[in-house]
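The structure appears below as structure tokens.
The values are calculated or read from the model by the stated rules, or taken from the named source; none is laboratory data. Remember, predicted model here, so these are calculated numbers, not experimental data. Cβ: placed from backbone, ideal geometry, glycine included. Neighbour counts: every protein chain shown. For accessibility, only protein heavy atoms count, side chains too; no ligands or nucleic acids. Shrake-Rupley method; radii C 1.70, N 1.55, O 1.52, S 1.80 Å.
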Amino acid sequence: MNYARFLTAVSAARKPSAIRILTELQQRSPPSLISLAGGAPNPNTFPFQSATITVKNGPTVTFDEVAMKRALQYSASSGIPELLTWMKNLQKNLHNPPTASYTPENGQMDMCVTTGSQEGLCKLFEMLVNPGDNVLLDAPTYSGTLAALQPLGCNLINVPSDQHGMIPAALKEVLSRWDPSEVHSPGSTAPKILYTIPNGGNPTGASMTAQRKQEVYELARQYDMLIIEDDPYYFLQFDKPWAPTFLSMDVDGRIIRTDSFSKILSSGLRIGFVTGPKPLVDRVVLHIQASTMHTSTFTQLMVSQLLHSWGQEGFLQHIDGVIEFYRKQRDAMIGSADKWLKDVAEWHAPSAGMFLWIKLKGIADTQQLIMKKALEKEVLLVPGGVFMINSSDPCPYVRAAFSLSTPEQIDEAFRRLSSLIKEAL
């Protein structure tokens, strides 16, 4: 793969930070090294001394004075080594990526820690998307993705999707306006990037089948595109075996994957990961060096201690408990939807994630209904327009989240929504 062809001028111009390299060099050196190089503050001047964090289903996470000094200090821009090692092993066990054994220049699988997967996405788009570029995605999609892409001045091209995610035949149709043999020609406008949320899509709850992923991957090969596999709901798939990922099929090194701990460990700790070909992950790390510098050392060490004490088996047991909770919540929401909304709306039960995407019958646009009338009735949902490429187009959908409310609250919310829709009709 010629990764240089995908980079924006800004990303290609990034150079390593000499200070960051020295910091990382110092942290790998023996204690006998006397360093007058780094501008790191002296941790003896920090007010925090130690910490003990009680864990529900594992040993206590403890920071003694020595660990605390490290936790409060600068660390490597790619992430702390022990967390990265643990996560690389997890990725290999879960996805068995073909690229794990490749040489770095041929797209060897690499990883970095990001401050939530949102930081990873923003940095990927900045690395890959030029003004005027054609970018493929399946709308409705995550509003945070649209917020990151739209200011870049690219053309967002929608690939039709259904409850099983992006439709390969529709992607083929969209791509048919370009000749695969000419995508490398100077001035070609063929898309270089395809973005999708393959599991429990936000907002639709759609999950792609293995067959569809394989067909989409083959089209990406034909047109030499990169696929951004944004998978924050991977660990919230309700049915096993979990669907194989794009990363697991990636024989070329054309998949860049973002993972998140927000839905399974904590959304406030802000820990995500970018996994992909080393030449591209390296560019993301260069951007981190010049922006956030690194994800919080404290939160990385806290999570790393927990994961090492659990082991992969303990981690996956924790995931099973999280899935069980969300499955019950999903079932409660579907039950209440069947009870109150059958005559006035339609939906597909999601097989992953935390959202139900509801189409209201006889209502062309939900914006006013939700933002004014629903608020008056004390029920809040997200109008579907915010997930569309053109948010001002009329949209008959709403997104309901089943993550936080109790089954009783969900039931009452749908009762209120039902009477609201009937009034509007």
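Descriptive notes on the structure:
- The share of accessible area on the chain that comes from carbon and sulfur is 54 percent, using a 1.4 angstrom probe.
- Dipole of region 268-357 [Lys/Arg +1, Asp/Glu -1 at C-beta], most positive-end residue of Gly311, Ile271, Met293: Met293
- Available extension along the chain between Lys15 and Gln150 is 46.0 nm, counting 0.36 nm per residue and deducting the alpha carbon span.
- Seen through its C-alpha gyration tensor, with square-root eigenvalues sorted a ≥ b ≥ c, the chain comes out oblate because a/c lies at 1.5 or above while a/b is not bigger than b/c.
- For region 141-194, trypsin sites (Lys or Arg not before Pro) meeting the loop criterion (DSSP other than H, G, I, E, B) and having at most 10 other Cβ atoms within 10 Å: Arg177.
- Three-way shape label, region 1-83, alpha-carbon gyration tensor, a/c 1.5: oblate
- Here the mean projected area of the convex hull built on the C-alpha positions of region 131-254 is 7.5 nm².
- In degrees, nearest ten, helix 407-424 long axis to first principal axis of the chain (Cα): 50
- Between region 175-221 and region 94-130, the alpha-carbon centres lie 17 Å apart.
- Straightening the chain between Lys422 and Met293 buys 41.2 nm, computed as 0.36 nm per residue apart minus the Cα-Cα spacing.
- Build a GNM of the chain with springs between Cα atoms under 10 Å apart, and of Asn199, Asn42, Asn134 the one that fluctuates most is Asn42.
- Order by protection proxy (mean Cβ within 10 Å, highest first), peptides 232-243, 16-27: 232-243, 16-27
- Just checking the listed ones, Leu36, Leu194, Leu146: in the Gaussian network model of the chain with Cα springs under 10 Å, the one fluctuating most is Leu36.
- Cβ charges +1 (Lys, Arg) and -1 (Asp, Glu), total dipole of region 95-233, debye: 140
- Oblate is the label for region 348-425, because the ratio a/c of its alpha-carbon gyration tensor axes (a ≥ b ≥ c) is 1.5 or higher and a/b is not greater than b/c.
- Rounded accessible area per residue of the chain, 1.4 Å, Å²: 45
- Projecting the Cα positions of Ile19, Gly58, Ser32 onto the charge dipole of region 1-148 (unit charges on Cβ atoms of Lys, Arg, Asp and Glu, taken about the Cα centre) puts Ser32 furthest along the positive direction.
- Proximal lysines relative to Lys213, as straight alpha-carbon distance under 21 Å, when same-chain residues fewer than 8 apart are discounted: Lys92, Lys172, Lys192, Lys240
- Each other residue within a Cβ distance under 9 Å of Ser336 adds +1 if Lys or Arg and -1 if Asp or Glu, for a net charge of -1.
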